[in-house]
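The values are calculated or read from the model by the stated rules, or taken from the named source; none is laboratory data. Quantities reported herein were computed from a predicted structural model and do not represent experimental measurements. So basically every Cβ, Gly included, is an ideal-geometry build from the backbone, and we count neighbours across all protein chains shown.
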Amino acid sequence: MNLRELPTDTERDEFHAVVIRTDYGDQSAWNTLTAELMQPWGENYEALAHFVDDPAWAGATVDDVRDAASVDPELTVLFIADSVTMGSAHHALLAVNLRSEEEDDAFEDEDESVRDFGREFRTIPPQVHSIHANLSLANMDFEEFAAAAEEDPEKVFRSF
């Protein structure tokens, strides 16, 4: 049995951003991060997050996370709180695209230049819910956020 499985928790629905903790070196940083993620966003939308805080995930790679998430076809993106997240002042999480390359190829981009960006990027906590909502509703593509992150000097998505 794989110890790194996403919980099949009935409390999580499509409106909950999934945040997986993979670094356990700083409990205070984790507490600060989760508090930031629970702040209302946008025009006072309630922050909905599902935190996976299980030491079985310690040291998990992006591929480990993608593999575990593949069992949930509803997930389009998830966020990893890794050592970079915990060690940075802005707590930038790693946003991970969960759509397969085949699914990506099925969408025709109006701007082909955004297709060159990777399958992950960093984002500050206040943007997690907006990213999750826009990707879940297919209002925007992952690559648009990744392209904006690429333009930032620290390669972190902060806003458009």
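Assorted remarks:
- Condition met for Asp67 (over 14 Å from the mean Cα position of the chain (by Cα), under 26 Å from Asp141 (Cβ atoms) and of a type outside the set (A, V, I, L, M, F, W, C)): yes
- When Tyr24 is tested against (1) modelled with pLDDT under 95; (2) in a loop (DSSP other than H, G, I, E, B), just one condition goes unmet, and that condition is (1).
- Residues (more than 17 Å from Ala49 (Cα to Cα) and of a type in the set (Ser, Thr, Tyr)) located in region 81-98: Ser83, Ser88
- Condition met for Gly59 (surrounded by fewer than 20 Cβ atoms within 10 Å (Cβ to Cβ), of a type outside the set (D, E, K, R) and modelled with pLDDT under 90): no
- Condition check for Asp82: out of contact with any strand residue (DSSP E or B) (no Cβ under 8 Å at 6 or more places or on another chain) and under 24 Å from Glu143 (Cβ atoms): no
- Residue match in region 73-87 (condition: surrounded by fewer than 12 Cβ atoms within 10 Å (Cβ to Cβ) and either under 15 Å from the mean Cα position of the chain (by Cα) or modelled with pLDDT under 90 (or both)): yes
- Single residue of region 97-129 satisfying the filter (buried (at least 20 other Cβ atoms within 10 Å of the Cβ) and over 11 Å from Glu143 (Cα atoms)) that is modelled with the lowest pLDDT: Leu98
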